[in-house]
Each structure stands twice: as structure tokens, then as C-alpha cells.
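Read through the structure below, which is laid out as C-alpha cells, and then see the notes.
The values are calculated or read from the model by the stated rules, or taken from the named source; none is laboratory data. Just so it is clear, the structure is predicted and the values come from calculations on it, not from any experiment. No Cβ is skipped: glycine too gets one built from the backbone with ideal geometry, and neighbour counts run over all protein chains shown.
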Amino acid sequence: MAMDYSEKVMEHFAHPHNVGVIEDADGVGEVGNAKCGDIMKMYLKIRDGVIEDVKFQTFGCASAIATSSMATDLIKGKPVEDALKLTNQAVVEALDGLPAVKVHCSVLAEQAIKAALADYYKRQGIENEELNACLACGAEHDHGAEDEA
């Protein structure tokens, strides 16, 4: 079964941005999808409420790597409040679309960022009930994308 990937997906898969580890990260989040085997880990460096640096490690398919790369591009240099609003649909749109069977990868990218932000808040001693509720819904929840089979 051949997938129809956009040029942006192929570019972010072949040459992903922000790959790696931040050793002294202010927040780290890891999510996975047992169904497909994709695992994403995000690292955040935050200064004065702005995401100064973000890195990721992803084990997965082309879409998982591309969505991780694009998601990090979308939040790097942005205020934490903007990163909290990132949706999987924004990631899909920034990549000029994904095959319907791969939209779950964008959900994982959103969830990995939110898990890293939740870890950041926890380390700061700040409770964010909205973020915790979002994470509790699980990575299978689709935050805006049309997941057509």
C-alpha cells in the first residue's frame, strides 16, 4: 500500500529538524501508540516563559518523524501559552496534509509536547488542570483532525 505524502512530509522525514536530547531539559514528555509502535520523546528548554529550545527523539514511521519535526518547529521560540494551544490539526496543515491512516502521528506529536509541558509545570510546582485533563484523554483522542479511514 503506497502512501501519498506531501513534499513537506518527505522533507521533514529525510531531514528532520530539532533531533536530539536536551540534557538539562526543563520538561520532558514521552508518549507512544501501542497499536502502531510509534514512540515520541520531547525535551523543552524554557526561559522566561518562552521555549528557548526543543528537541525530540522518535521511533516510528515517516509520518511520526515528520510530525515530530514540524511540531518542534511550530513551538520553538514561542511562549509556553502558544505551545499549549498547538493542535494536531495545525501540525497536519503545516505539513500540507497526511494520509488519513497517519493522522494519529500528529496526535502523538501534540501529546508529546503537552506531556513535556506538563512535566515542566510539575517541576515548577504549578498545577495546570486543563493540560492534565487533555493528557488524561489519551493519545488516541483526535484534537481537530479529520481521521478518515
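Number of residues in region 84-99 that are surrounded by 24 or more Cβ atoms within 10 Å (Cβ to Cβ) and either closer than 15 Å to Gly27 by Cβ or touching a residue at least 60 places away in the same chain (Cβ under 8 Å) (or both): the value is 2.
For Leu44, the stated conditions do not hold, so it cannot be described as surrounded by 18 or more Cβ atoms within 10 Å (Cβ to Cβ), touching a helix residue (DSSP H, G or I) at 6+ places or on another chain (Cβ under 8 Å), under 17 Å from Ser6 (Cα atoms) and modelled with pLDDT of 95 or more.
Only residues that are under 30 Å from Gly125 (Cβ atoms) and buried (at least 18 other Cβ atoms within 10 Å of the Cβ) were counted in region 8-21, giving 1.
If the condition is being within 19 Å of Thr87 (Cβ to Cβ) and either at pLDDT 90 or above or in a loop (DSSP other than H, G, I, E, B) (or both), then region 122-134 contributes only Asn128. Where the second residue is assigned to a strand (DSSP E or B) and of a type in the set (A, V, I, L, M) and the first is within 10 Å of Gly77 (Cα to Cα) and lies in region 42-55, which pairs have Cβ atoms under 6 Å and are six or more apart or on separate chains? That search, which allows pairs on different chains as well, returns Ile51/Leu44; Val54/Leu44.
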